[in-house]
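Colleague: Before anything else, here's the structure in question.
The values are calculated or read from the model by the stated rules, or taken from the named source; none is laboratory data. Every value quoted in this text rests on a predicted model; they were computed, and no experiment measured them. Cβ coordinates were reconstructed from backbone atoms using ideal geometry, including for glycine residues, and neighbour counts include every protein chain displayed. Accessible surface areas use protein heavy atoms only, side chains included; no ligands, DNA or RNA. Shrake-Rupley method; radii C 1.70, N 1.55, O 1.52, S 1.80 Å.
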Amino acid sequence: MERTLFHKILILLAIYCSIACSSASDNLIDASKLKMFVDKLPDMPRIRGYRVVGGVSKSKSLNIGMFKKKWKFHRDLPPTPVYAYGLNYHRATVPGPTIEALHGVNTYVTWKNHLPPNHILPWDPTIPTALPNKTNGIPTVVHLHGGIHSPESDGNANSWFTAGFKQRGPTWTNKVSHYPNNQHPGNLWYHDHAMGLTRVNLLAGLIGAYIIRHPSLEVPLRLPHGKHFDRPLIVFDRSFRSDGSIYMNSTGNNPSIHPQWQPEYFGDAIIVNGKAWPRLTVRKRKYRFRIINASNARFFRFFFTNGLRFIHVGSDSAYIEKPVETKEILLGPSEITDIIVDFSKSRSKVAILANDAPYPYPSGDKVNEANSKVMKFIISPHRTVDKSKIHKTLIKYPSGDLSSVSQTRYIAMYEYTSSIDEPTRLLINGKPYEAPVTETPKVGSTEVWYVINLTEDNHPLHIHLGLFKVLDQTELVKLEEFKECMTKLNDAIKCHVGNYTRGKKLTVPAHERGWKNVYKMSPGFVTKIVVRFSYIHTNASYGFDATAKPGYAYHCHILDHEDNAMMRPLKVIK
């Protein structure tokens, strides 16, 4: 009874805030009026996740806090209130520090919540949300995206905690997260994962890069290296008010149902490493960029305005077998691309990294002047020595062996709308996160999943723990007929999905045929993936109990969808 009353009060407060805060939208900055390329690209602080003793690498424990502070996103914007990761308040940044780990060397992190009771952004109590009955702080929990580690350290959405660990979610276990780093080398990122608050906590700034290095494998590749020539680029979008604060609409599409929740957040200012449309002076040589799309909902289709090309060496957390050259890159929210750009091939002194992806993707609005530019590269005219190489073969991992598949699953994506045809929630297999687990893969198993997208949006599907290869995407024919059956029966087999997967096929781009942990599920298509719940680089078993509580999850990585409530539990069994 008390909890019901408490939630009613929360709803009334949210509605009041929606009305009271709406006038602030009048102070929304026109991003196109801000001058581009006036700030230098920052290189976020780098923290070693290991220590060296007598020439031997040893495990290391880190204390990384979450702090409320102010951050300067643009020369002409007032400082912005943010939430930032860092070793202490003064060193906290947006994005947070880049953690550099070593393969096979343990990294332990105590994530410390120093955030105040009241959020800097509006949130919606009518969606499943990690809020204690008596709010004494903002709930947070850190997920290392792409990490292969125990469930206790995976950042379960209900493992949240408030400042000083005073209040903890129902699946919280311990203060220290253990990252064994026994997986293949590659790019990961860490971010908040608190139930129902992921979209606002990330918007506030709780994001950062994490790299696992394996020198004996990577040094022979002779790719560009060192802090000047090997740089993470964390890209996201934000809108701002005239006082510098982050703008997020405080009124939802269906305010009588969800006072604040909206199906996607889009900002007009494009931020790279914490600066809006930054610039970087480069030499005439090869550079490596590890690009992370940390946006809530925005897809990017990157290209260079002067025709420079991208050479792909990795996708998400894994290297690909052979380099692939492209003119453009489509990157969904939370996807990572690992690329080489050779600026010696530029015929101009300036290269603009641009974007032309509609939003929402693929059938939304065209980009405008502000969100069509990403950053500027100024190319030094002087020649420089470049000893880096791009070999014909990088790192080869086993293919997805269909002969060992132990289970086939059908994963359907639904969107539900109100009487005015506005989205009210999105579900996977028609079930909320709280419904009993239905996906129970065995440790070491290989499965085939058919992901059926019955919505009009492209959904980047992320699977915790498991890695997968995309085999094909097939268009659904007689889509409305099939959707009608699925809405009624919620069973792909009973609805004879095979009779509808007869349309055109989409080719999986060459640079995305390796092992991934996120992929873009095209609307009106069935995407066939082979999922592996084991290491891809060795036959060794996990060095931890993957079957332990609280388990894992899989979800759409459009954060507004994940929060309401396009996420399902994943329970690994023996």
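Colleague: Check whether at least one residue in the range 355-369 is within 23 Å of Gly226 (Cβ to Cβ) and open to solvent by 60 Å² or more (accessible area, probe 1.4 Å), and report yes or no.
Modeller: Taking the range 355-369 and keeping what is within 23 Å of Gly226 (Cβ to Cβ), we get none.
Checked against the condition, which is being within 23 Å of Gly226 (Cβ to Cβ) and open to solvent by 60 Å² or more (accessible area, probe 1.4 Å), the range 355-369 yields no hits at all.
Colleague: Continuing with this model, one more query. Kindly indicate whether Lys488 is assigned by the TED database to the domain that holds Tyr542, closer than 30 Å to Asn254 by Cα, open to solvent by 60 Å² or more (accessible area, probe 1.4 Å) and not in a loop (DSSP other than H, G, I, E, B).
Modeller: It is true that Lys488 is assigned by the TED database to the domain that holds Tyr542, closer than 30 Å to Asn254 by Cα, open to solvent by 60 Å² or more (accessible area, probe 1.4 Å) and not in a loop (DSSP other than H, G, I, E, B).
Colleague: Moving to a separate point now. Filter the range 320-367 for residues that are closer than 29 Å to Phe525 by Cβ and aromatic (Phe, Trp, Tyr) and give the result.
Modeller: Passing the criteria: Tyr359, Tyr361.
Colleague: Would it be correct to say that Lys469 is more than 29 Å from Asn293 (Cα to Cα), open to solvent by 10 Å² or more (accessible area, probe 1.4 Å) and either outside the structural domain of Pro170 (by the TED database) or of a type in the set (Lys, Arg) (or both)?
Modeller: no
Colleague: Looking at Leu197, Leu102, Leu217, which one is closer than 24 Å to Asp563 by Cα and of a type in the set (A, V, I, L, M, F, W, C)?
Modeller: Leu197
Colleague: Scan the range 486-510 for residues that are free of Cβ contacts under 8 Å to residues at least 60 places away in the same chain and more than 16 Å from Ile428 (Cα to Cα) and report the count.
Modeller: 14
Colleague: Same structure again: State whether one or more residues within the range 550-561 are more than 30 Å from Trp261 (Cβ to Cβ), surrounded by fewer than 24 Cβ atoms within 10 Å (Cβ to Cβ) and assigned by the TED database to the domain that holds Asn458.
Modeller: There is no residue in the range 550-561 that is more than 30 Å from Trp261 (Cβ to Cβ), surrounded by fewer than 24 Cβ atoms within 10 Å (Cβ to Cβ) and assigned by the TED database to the domain that holds Asn458.
Colleague: What pairs come up if the first residue lies in the range 172-187 and is touching a residue at least 60 places away in the same chain (Cβ under 8 Å), the second is open to solvent by 60 Å² or more (accessible area, probe 1.4 Å) and in a strand (DSSP E or B), and their beta carbons are under 9 Å apart, counting only those six or more places apart or on different chains?
Modeller: As it stands, the answer is Lys175/Lys112; Val176/Ser61; Val176/Tyr108; Ser177/Tyr108; His178/Tyr108; Tyr179/Tyr108, since those pairs meet every condition given.
Colleague: Among the residues of the range 280-321, what is the count of those that are outside any loop (DSSP other than H, G, I, E, B), touching an Asp or Glu at 6+ places or on another chain (Cβ under 7 Å) and basic (Lys, Arg)?
Modeller: Residues in the range 280-321 being outside any loop (DSSP other than H, G, I, E, B), touching an Asp or Glu at 6+ places or on another chain (Cβ under 7 Å) and basic (Lys, Arg): 4 in total.
Colleague: A further question on this structure: Does the range 432-452 hold any residues that are open to solvent by 50 Å² or more (accessible area, probe 1.4 Å) and hydrophobic (A, V, I, L, M, F, W, C), and which are they?
Modeller: Of everything in the range 432-452, those that are open to solvent by 50 Å² or more (accessible area, probe 1.4 Å) and hydrophobic (A, V, I, L, M, F, W, C) turn out to be Val437, Val443.
Colleague: Let me ask something else about it. Pick from the range 23-69 the residues that are in contact (Cβ under 8 Å) with a residue 60 or more places away in the chain and in a strand (DSSP E or B): which of them is farthest from Leu121 (Cα to Cα)?
Modeller: By that ranking, first place goes to Ser61.
Colleague: May I pose another question? Tell me, please, whether a residue that is within 30 Å of Asp563 (Cβ to Cβ) and among the aliphatic types (A, V, I, L, M) can be found in the range 380-396. It would help to see each step written out before you state the result.
Modeller: Residues of the range 380-396 within 30 Å of Asp563 (Cβ to Cβ): none.
No; the residues of the range 380-396 include none that is within 30 Å of Asp563 (Cβ to Cβ) and among the aliphatic types (A, V, I, L, M).
Colleague: A further question follows. Given the criteria at pLDDT below 95 and either in contact with a strand residue (DSSP E or B) (Cβ under 9 Å, 6 or more places away or on another chain) or closer than 30 Å to Asn254 by Cα (or both), does Phe6 qualify?
Modeller: Yes; evaluated as a whole, the condition is true for this residue.
Colleague: So which of His225, His214, His191, His178 is open to solvent by 20 Å² or more (accessible area, probe 1.4 Å), touching a helix residue (DSSP H, G or I) at 6+ places or on another chain (Cβ under 7 Å) and not charged (D, E, K, R)?
Modeller: Among His225, His214, His191, His178, only His178 is open to solvent by 20 Å² or more (accessible area, probe 1.4 Å), touching a helix residue (DSSP H, G or I) at 6+ places or on another chain (Cβ under 7 Å) and not charged (D, E, K, R).
Colleague: Still on this structure, please answer the following. Hey, among the residues in the range 392-431 that are closer than 30 Å to Pro259 by Cα, out of contact with any strand residue (DSSP E or B) (no Cβ under 8 Å at 6 or more places or on another chain) and not hydrophobic (A, V, I, L, M, F, W, C), which one's least open to solvent (accessible area, probe 1.4 Å)?
Modeller: Glu422
Colleague: Quick check on my filter: what residues within the range 106-138 are aliphatic (A, V, I, L, M) and open to solvent by 20 Å² or more (accessible area, probe 1.4 Å)?
Modeller: Residues satisfying the conditions are Ile120, Leu131.
Colleague: Please go through the range 510-543 and give me each residue that is charged (D, E, K, R) and over 20 Å from Glu328 (Cβ atoms), ordered by number.
Modeller: Passing the criteria: Lys528, Arg532.
Colleague: Could you list, in sequence order, all residues of the range 66-111 that are over 21 Å from the mean Cα position of the chain (by Cα) and charged (D, E, K, R)?
Modeller: Selection gives Lys68, Lys69, Lys70, Lys72, Arg75, Asp76, Arg91.
Colleague: Run down Ile352, Ile379, Ile291, Ile390 and say which single residue is within 30 Å of His464 (Cβ to Cβ) and either at pLDDT below 95 or not assigned by the TED database to the domain that holds Ile211 (or both).
Modeller: Exactly one of Ile352, Ile379, Ile291, Ile390 is within 30 Å of His464 (Cβ to Cβ) and either at pLDDT below 95 or not assigned by the TED database to the domain that holds Ile211 (or both), namely Ile291.
Colleague: Whether any residue in the range 513-534 is touching a His at 6+ places or on another chain (Cβ under 7 Å) and of a type in the set (Ser, Thr, Tyr) is what I want to check.
Modeller: no
Colleague: Of everything in the range 496-523 that's in a loop (DSSP other than H, G, I, E, B) and basic (Lys, Arg), which residue is surrounded by the fewest Cβ atoms within 10 Å (Cβ to Cβ)?
Modeller: Of everything passing the filter in the range 496-523, Lys504 is surrounded by the fewest Cβ atoms within 10 Å (Cβ to Cβ).
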